[in-house]
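In what follows, a structure is listed as structure tokens, so that the remarks can point back to it.
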Amino acid sequence: MSIAINIKNICKNYGDVEALKDITLNINAGEIFGFIGPDGSGKTSLFRILTSLIIPTSGNATVGNYNVVKDYKQIRQTTGYMPGRFSLYLDLTVEENLNFYASIFNTSIEENYDLVKDIYTQIEPFKKRLAGDLSGGMKQKLALSCALIHSPKLIILDEPTTGVDAVSRMEFWELLKKMQKRGITIIVSTPYMDEAALCDRVALMQNGSLLAVDQPNNIVNSYKGNLFTVSANNMHKLIHNLDNLKDTSQVFRFGETIHITSTIEDDRQYSEAVIKNLKEAGYSNIEINKAEPVIEDCFLALMDKGDIKKV
């Protein structure tokens, strides 16, 4: 049976540093919930509180009916945790690592093989290989197997796909979807904005605060203004010119182009005004095209405005 998570007014300070600032959030049983944000936004601190590894400065949180401070033993039986850094034993084989973690929870690979079968079968041909000799993708699958071996109702994954190739990232998310169908609640953090669309709901975090919490589509649909991509011959200088454009609310570098947001409804009028302005500034090879916003556009816009939305 899945379990829900309730987080209320959680704060965490490290000396003078506020890692988490009054976080209030409910995570539904059985959903894949994603925390999206850059390094230093507070994702790992929150995960360590939920797994009872550190104590909040103030506030409280529950995992199911268990309090993260008082009921740490029950939480560790209920939760599987995969930290951001690979933390298994490099000098043990794949099989030895999994056997070790199973023994901690008084179980065995054989007893819970069905729980890890979808994942473990992909690395089982290498079960005699040292964990230190595995590829990045295989290490992540081994770590996930170890997190699942005691049949948790909740798994918390801290940036599980960081540094993993695109194919392994896709395979990993397919495994998460299979686990969700088994009724496991999944909390996952990622610096990759494109992975947000794979979650049921996401929280956008920055500097220890929640910027937005909603379904990915709802966050994208809430984007205000009309988005355009712009490119020209001098991209380094271009962003400074666009910053001073009339009727423009957001200007961000986005890959090989610059994303700008118009505050007026007439797209043609705005495009012509941008081209005219850039030509007068001496630019050539000017291209401007209407674009659909993605999660990253919404995240950057919220950061720029300093909006904080708690749900």
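The values are calculated or read from the model by the stated rules, or taken from the named source; none is laboratory data. What you are looking at is a predicted structure, and each value in this text was computed from that prediction instead of being measured. Cβ: placed from backbone, ideal geometry, glycine included. Neighbour counts: every protein chain shown.
Considering only residues that are at pLDDT below 90 and part of a strand (DSSP E or B), which ones fall in segment 180-210? Passing the criteria: only 190. Selection of segment 73-96 for residues being assigned to a helix (DSSP H, G or I) and under 23 Å from residue 184 (Cα atoms) yields 73, 74, 75, 76, 77, 78. Looking across segment 1-47, the residues that are of a type in the set (D, E, K, R) and either under 24 Å from residue 299 (Cα atoms) or in contact (Cβ under 8 Å) with a residue 12 or more places away in the chain (or both) come down to 8, 12, 18, 21, 22, 31, 39, 43.
Residues in segment 109-152 that are surrounded by 15 or more Cβ atoms within 10 Å (Cβ to Cβ) and among the small types (Gly, Ala, Ser): 131, 137, 143, 145, 147, 151. Residue under question is residue 75, and the condition is that it be buried (at least 20 other Cβ atoms within 10 Å of the Cβ) and closer than 26 Å to residue 193 by Cα; does it hold? When the stated conditions are applied, residue 75 does not pass them. Residue 70 falls short of the stated requirement of being part of a loop (DSSP other than H, G, I, E, B) and in contact with a strand residue (DSSP E or B) (Cβ under 6 Å, 6 or more places away or on another chain). Filter segment 52-70 down to the residues that are surrounded by 17 or more Cβ atoms within 10 Å (Cβ to Cβ) and over 18 Å from residue 208 (Cα atoms), then identify the one that is farthest from the chain's Cα centre (by Cα). Within segment 52-70, the match that is farthest from the chain's Cα centre (by Cα) is 66. If the condition is being within 35 Å of the chain's Cα centre (by Cα) and surrounded by fewer than 12 Cβ atoms within 10 Å (Cβ to Cβ), then segment 256-283 contributes 256, 265.
Against the condition closer than 30 Å to residue 11 by Cα and surrounded by 15 or more Cβ atoms within 10 Å (Cβ to Cβ), how does residue 81 come out, does it pass? Lay out the reasoning, then the answer.
Numbers: closer than 30 Å to residue 11 by Cα: yes; surrounded by 15 or more Cβ atoms within 10 Å (Cβ to Cβ): yes.
The answer is yes for residue 81.
Taking segment 127-141 as the range and being under 17 Å from residue 167 (Cβ atoms) and part of a helix (DSSP H, G or I) as the test, the residues that pass are 136, 137, 138, 139, 140, 141.
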